[in-house]
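Okay, so here's the structure we're looking at.
Laboratory data are not the source of any read-out in this text; all were calculated from the coordinates shown. No experiment lies behind these values; they were computed from the predicted model shown. Cβ placement follows ideal geometry from the backbone for every residue including glycine, while neighbour counts extend to all protein chains displayed.
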Amino acid sequence: MTDQADAVPARRKARPARRKPAASPAIVQKPRPKRAKKTLGDDFLTAVRADFRTHGAGVIAEVRADKPDQYLKIVLSVLPKDFDVSINQLDGLSDILFEVIVRKFKPAPEE
């Protein structure tokens with residue numbers, strides 16, 4: 001049974017964490033170069049804009065007619081994520097303000 005205990009490899013001692021050397025005032029790091037204005041996203045949008053100018057709104061109409069689900073996906077991807085639609089704008093009014101508006105437009109009683 002001593003053979004089995006000898007077969008277990010010995011654990012290594014943990015090393016202390018390495019620290020970054022303190023920056024000496026004599027060593028001044030160069031600032032990072034600023035990001036180029038033209039990025040992949042800008043190039044992509046430029047290509048889409050050029051494609052739209054070439055083929056026009058007719059392609060959008062075709063997609064809307066042939067594949068309405070894809071058309072809806074495109075529309076929803078363009079809208080902002082926090083797009084708030086308020087169908088009934090009267091919900092935002094207080095009851096008192098609503099009553100004042102109703103009285104203002106209520107026809108005067110005829111004598």
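What to note about this one:
- Highest mean packing first, where packing is the average number of other Cβ atoms within 10 Å per residue, the peptides 63-75, 94-106 line up as 63-75, 94-106.
- The stretch 38-79 shape via C-alpha gyration tensor axes, a/c threshold 1.5: oblate
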